[in-house]
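Undergrad: This is the structure, below, for whatever I ask next.
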Amino acid sequence: AEGVRVRVLRGEEPVELPTQRGGVGGVEASRDRGLPVHDAIEYNAGRMTQRKTVLVVDDSQAVLDAIGTAFEEAGWDVTSAADGEEVFRKMASSNPDAVLLDIYMPKLNGADVCRLLKAHPHWKKTYLVLMSSRISEREIDMYRRMGADEVLKKPFDPAHAVALVERAVGTAPAG
């Protein structure tokens with residue numbers, strides 16, 4: 001039987017436990033409800049929850065690192081991409097709950113990616129935040145009409161982005 005990754009939180013330190021069919025506290029039941037097997041499951045104080053995933057897209061490694069670290073510290077799984085074309089492969093493989101997307105990137109810009117994601121039947125409801133250091137109020141309104149759920153002007157505090165996304169997506173992930 002295929003194993004499932006379980007994170008048991010002991011104090012502040014998570015412990016990874018590989019399990020088999022019928023494993024720890026209802027993992028198999030989560031799989032039977034159609035949850036992807038590769039998703040991390042958290043078991044904390046007798047409660048099991050599926051961890052949230054965010055896709056961070058920027059051509060700056062420093063931005064990817066800063067935002068990614070903030071989300072990881074808040075208990076999120078983080079996937080990243082460095083250009084607009086890579087977004088679609090990452091969307092298909094990680095099915096994120098939220099996307100933070102730089103507007104000015106190589107290959108395919110964030111505005112075009114936003115438009116394509118919001119037109120896709122499976123991804124149109126994914127919470128999407130566009131980011132840029134070069135943006136006017138008029139452009140912010142345009143991007144919201146295009147489908148962006150929020151637009152952030154860089155630089156911003158990565159913790160602010162985490163709080164914004166957690167409020168929008170619903171319950172904050174365990175951790």
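Undergrad: Just name the residue that is farthest from residue 140 (Cα to Cα) out of those in the stretch 54-112 that are touching a residue at least 60 places away in the same chain (Cβ under 8 Å) and assigned to a loop (DSSP other than H, G, I, E, B).
TA: In this case the residue turns out to be 75.
Undergrad: Looking at (1) within 14 Å of residue 129 (Cβ to Cβ); (2) touching a Lys or Arg at 6+ places or on another chain (Cβ under 7 Å); (3) open to solvent by less than 30 Å² (accessible area, probe 1.4 Å), which one does residue 83 not meet, given that it meets all the others?
TA: Every condition holds for residue 83 apart from (1).
Undergrad: Here are some residues: 70, 92, 62, 29. Which one is more than 11 Å from the chain's Cα centre (by Cα), modelled with pLDDT of 50 or more and open to solvent by less than 50 Å² (accessible area, probe 1.4 Å)?
TA: 70
Undergrad: Here's something else I'd like to know. Residue 63: under 19 Å from residue 125 (Cα atoms) and of a type in the set (A, V, I, L, M, F, W, C), yes or no?
TA: Considered against the rule, which asks whether it is under 19 Å from residue 125 (Cα atoms) and of a type in the set (A, V, I, L, M, F, W, C), residue 63 comes out as no.
Undergrad: Among the residues of the stretch 152-160, are any in contact with a Leu (Cβ under 6 Å, 6 or more places away or on another chain) and either closer than 23 Å to residue 68 by Cα or open to solvent by less than 20 Å² (accessible area, probe 1.4 Å) (or both)?
TA: For the stretch 152-160, residues in contact with a Leu (Cβ under 6 Å, 6 or more places away or on another chain) and either closer than 23 Å to residue 68 by Cα or open to solvent by less than 20 Å² (accessible area, probe 1.4 Å) (or both): absent.
Undergrad: List, please: which pairs have Cβ atoms under 6 Å, are six or more places apart or on different chains, and start with a residue in the stretch 148-175 that is closer than 12 Å to residue 128 by Cβ and end with one that is modelled with pLDDT of 95 or more and open to solvent by 20 Å² or more (accessible area, probe 1.4 Å)?
TA: Once the first residue is closer than 12 Å to residue 128 by Cβ and sits in the stretch 148-175, its partners that are modelled with pLDDT of 95 or more and open to solvent by 20 Å² or more (accessible area, probe 1.4 Å) give 149/127; 168/127; 169/97; 169/127.
Undergrad: Being of a type outside the set (S, T, N, Q), part of a loop (DSSP other than H, G, I, E, B) and farther than 20 Å from residue 83 by Cα narrows it down to one of 155, 121, so name that one.
TA: Every option except 121 fails the conditions.
A quick yes/no check of all residues on (1) hydrophobic (A, V, I, L, M, F, W, C); (2) under 22 Å from residue 157 (Cβ atoms):
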{"residue": "51", "(1), (2)": "no, no"}
{"residue": "54", "(1), (2)": "yes, yes"}
{"residue": "61", "(1), (2)": "no, yes"}
{"residue": "70", "(1), (2)": "yes, yes"}
{"residue": "74", "(1), (2)": "yes, yes"}
{"residue": "78", "(1), (2)": "yes, yes"}
{"residue": "85", "(1), (2)": "no, no"}
{"residue": "89", "(1), (2)": "no, no"}
{"residue": "93", "(1), (2)": "no, no"}
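Undergrad: Hey, another quick one. If you go through the stretch 95-122 one residue at a time, how many are among the polar types (S, T, N, Q) and modelled with pLDDT of 95 or more?
TA: 0
Undergrad: Regarding the stretch 119-126, can at least one residue be identified that is closer than 20 Å to residue 167 by Cβ and out of contact with any helix residue (DSSP H, G or I) (no Cβ under 8 Å at 6 or more places or on another chain)?
TA: Among the residues of the stretch 119-126, at least one is closer than 20 Å to residue 167 by Cβ and out of contact with any helix residue (DSSP H, G or I) (no Cβ under 8 Å at 6 or more places or on another chain), which makes the answer yes.
Undergrad: If we scan the stretch 111-118, do we find a residue that is under 27 Å from residue 50 (Cβ atoms) and open to solvent by 20 Å² or more (accessible area, probe 1.4 Å)?
TA: yes
The values are calculated or read from the model by the stated rules, or taken from the named source; none is laboratory data. Small disclaimer: the values here were computed from a predicted structure and weren't measured. In this analysis, Cβ positions are derived from the backbone assuming ideal geometry, glycine residues included, and neighbour counts consider all displayed protein chains. The protein model used for the area step is the full one, side chains on, heavy atoms only, and it has no ligands, DNA or RNA in it. Shrake-Rupley method; radii C 1.70, N 1.55, O 1.52, S 1.80 Å.
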